[in-house]
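Taking it in order: structure first as structure tokens, then the write-up.
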């Protein structure tokens, strides 16, 4: 779960990481009177908001009113702006980069920092980046912060501030089961204080049950994806025309790749998982049909999932929902012959190999 900037800063504030003063509005009526220069930030889950016109600066009431009017309800790279963060404008003297992320290869948290902040870390030369794995058993220690401060060439004052922020940032990372906590930029203002000018917090979605304070509606998911999640399906909406139902994440991804290879555009990713229930198959069709595909491809390799069970579920779904779209099925594995016979009797194309099924559904859907 990717949190909005304002939510990340609320967490930082709770853990006493310095952040600018600010407040969130959802309409112009909530705007407070102008008292000092502010930054108006669109709350959307993308990077590079400034370059995309999603951040404006206001140095009087008129420019503040205009900034809110321009941004509220606008689109920033396709994302609608429903919330704005009105925040104290900082006197920025220098920008740095700071994050703790999950190093999956080492299975440890990793500290990353650089004296080059305010830009994507991927664009910074490797020799300008400090990386340090943190043992999850012993946790963060002050010597790690001292190494980072030395790499950044900080004086004693900045080093002390950095070490304090790092310790608290690690506490955030552990407490909220994070995959990433990032400050970019971490700025030094005119009086030499380090302040988190931005906040990016990504929480492991599998841990959200431990954090009821966060809304269950993931802002990155569509309503249909949220419905599928509530019913236990791995489902992602895409921008194509061919609905996809397969079993197993690997086979589902391979199905999407095969469609694209044959110039067919998938409308969704739906992993049926391992099941021997026709009801689960019917429910999967209900979700895919709500995405309004032009045709539907079902790709099943039967093991735990029995091919004849899936076939019976497909027939039941076709009758229940009055499906008019073409359905093409690939069945291979346990009871595949029985499954293909069930489909054949109900006028549904069934194949034993994936590629012929892919070619058929692309043809029926009318290409990309």
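Condition first: out of contact with any strand residue (DSSP E or B) (no Cβ under 8 Å at 6 or more places or on another chain) and either part of a helix (DSSP H, G or I) or not assigned by TED's automatic domain parsing to the domain that holds residue 298 (or both). Now tell me which residues in the range 329-355 satisfy that.
Matches in the range 329-355: 337, 338, 341, 342, 345, 355.
Of the residues 76, 81, which single one is in contact with a helix residue (DSSP H, G or I) (Cβ under 6 Å, 6 or more places away or on another chain) and surrounded by 14 or more Cβ atoms within 10 Å (Cβ to Cβ)?
81
Got at least one residue in the range 85-96 being within 21 Å of the chain's Cα centre (by Cα), in contact (Cβ under 8 Å) with a residue 12 or more places away in the chain and more than 30 Å from residue 146 (Cβ to Cβ)?
Looking through the range 85-96, at least one residue is within 21 Å of the chain's Cα centre (by Cα), in contact (Cβ under 8 Å) with a residue 12 or more places away in the chain and more than 30 Å from residue 146 (Cβ to Cβ).
Within the range 193-202, work out how many residues are more than 23 Å from residue 42 (Cβ to Cβ) and either assigned to a strand (DSSP E or B) or at pLDDT below 95 (or both).
The number of residues fulfilling the criteria is 1.
Out of 29, 67, 62, which single residue is assigned to a helix (DSSP H, G or I), modelled with pLDDT of 90 or more, touching a strand residue (DSSP E or B) at 6+ places or on another chain (Cβ under 7 Å) and not assigned by TED's automatic domain parsing to the domain that holds residue 197?
None of the other options fit; the residue is 67.
Looking only at the range 256-293, count how many residues are more than 17 Å from residue 233 (Cα to Cα) and in a loop (DSSP other than H, G, I, E, B).
6
Going by what's in this entry, would residue 187 be described as modelled with pLDDT of 95 or more and under 17 Å from the mean Cα position of the chain (by Cα)?
No, not satisfied.
Residue under question is residue 329, and the condition is that it be closer than 11 Å to residue 247 by Cα, touching a helix residue (DSSP H, G or I) at 6+ places or on another chain (Cβ under 8 Å) and buried (at least 22 other Cβ atoms within 10 Å of the Cβ); does it hold?
The answer is no for residue 329.
Among the residues of the range 30-58, which ones are surrounded by fewer than 17 Cβ atoms within 10 Å (Cβ to Cβ) and within 12 Å of residue 84 (Cα to Cα)?
Selection gives 30 alone.
Test each condition in (1) farther than 24 Å from residue 178 by Cβ; (2) assigned by TED's automatic domain parsing to the domain that holds residue 181 for residue 103 and report the one that comes out false.
In the conditions (1) farther than 24 Å from residue 178 by Cβ; (2) assigned by TED's automatic domain parsing to the domain that holds residue 181, residue 103 misses (1) alone.
Residues in the range 112-160 that are in a helix (DSSP H, G or I) and touching a residue at least 40 places away in the same chain (Cβ under 8 Å): how many?
1
For residue 86, state whether it is at pLDDT 95 or above and assigned to a loop (DSSP other than H, G, I, E, B).
Answer is no for this residue.
Inspect the range 302-315 for any residue being surrounded by fewer than 18 Cβ atoms within 10 Å (Cβ to Cβ) and either under 21 Å from residue 265 (Cβ atoms) or touching a helix residue (DSSP H, G or I) at 6+ places or on another chain (Cβ under 6 Å) (or both) and give the result as yes or no.
Taking every residue of the range 302-315 in turn, none turns out to be surrounded by fewer than 18 Cβ atoms within 10 Å (Cβ to Cβ) and either under 21 Å from residue 265 (Cβ atoms) or touching a helix residue (DSSP H, G or I) at 6+ places or on another chain (Cβ under 6 Å) (or both).
On the given criteria, is residue 170 more than 30 Å from residue 292 (Cβ to Cβ), assigned to a helix (DSSP H, G or I) and in contact (Cβ under 8 Å) with a residue 40 or more places away in the chain?
So residue 170 fits the description; yes.
So is residue 177 under 25 Å from residue 3 (Cβ atoms), free of Cβ contacts under 8 Å to residues at least 40 places away in the same chain, surrounded by fewer than 20 Cβ atoms within 10 Å (Cβ to Cβ) and in contact with a strand residue (DSSP E or B) (Cβ under 7 Å, 6 or more places away or on another chain) or not?
Here the answer is yes, as residue 177 does meet what is asked.
Please determine whether any residue of the range 341-358 is under 32 Å from the mean Cα position of the chain (by Cα) and either surrounded by 24 or more Cβ atoms within 10 Å (Cβ to Cβ) or farther than 24 Å from residue 265 by Cβ (or both).
Yes; the residues of the range 341-358 include at least one that is under 32 Å from the mean Cα position of the chain (by Cα) and either surrounded by 24 or more Cβ atoms within 10 Å (Cβ to Cβ) or farther than 24 Å from residue 265 by Cβ (or both).
If I go through the range 1-25 residue by residue, how many of them are modelled with pLDDT of 95 or more and in a loop (DSSP other than H, G, I, E, B)?
Summing the residues that are modelled with pLDDT of 95 or more and in a loop (DSSP other than H, G, I, E, B) in the range 1-25 gives 7.
Considering every residue within the range 87-94, establish whether at least one is buried (at least 19 other Cβ atoms within 10 Å of the Cβ) and closer than 15 Å to residue 40 by Cα.
The answer is yes, given that some residue of the range 87-94 is buried (at least 19 other Cβ atoms within 10 Å of the Cβ) and closer than 15 Å to residue 40 by Cα.
Here are some residues: 177, 171. Which one is under 30 Å from the mean Cα position of the chain (by Cα) and at positive phi?
177
The values are calculated or read from the model by the stated rules, or taken from the named source; none is laboratory data. If you're wondering where the values come from, they're calculated on a predicted model, not measured in any experiment. With ideal geometry, Cβ positions are generated from the backbone for all residues, glycine too; neighbour counts draw on all protein chains shown.
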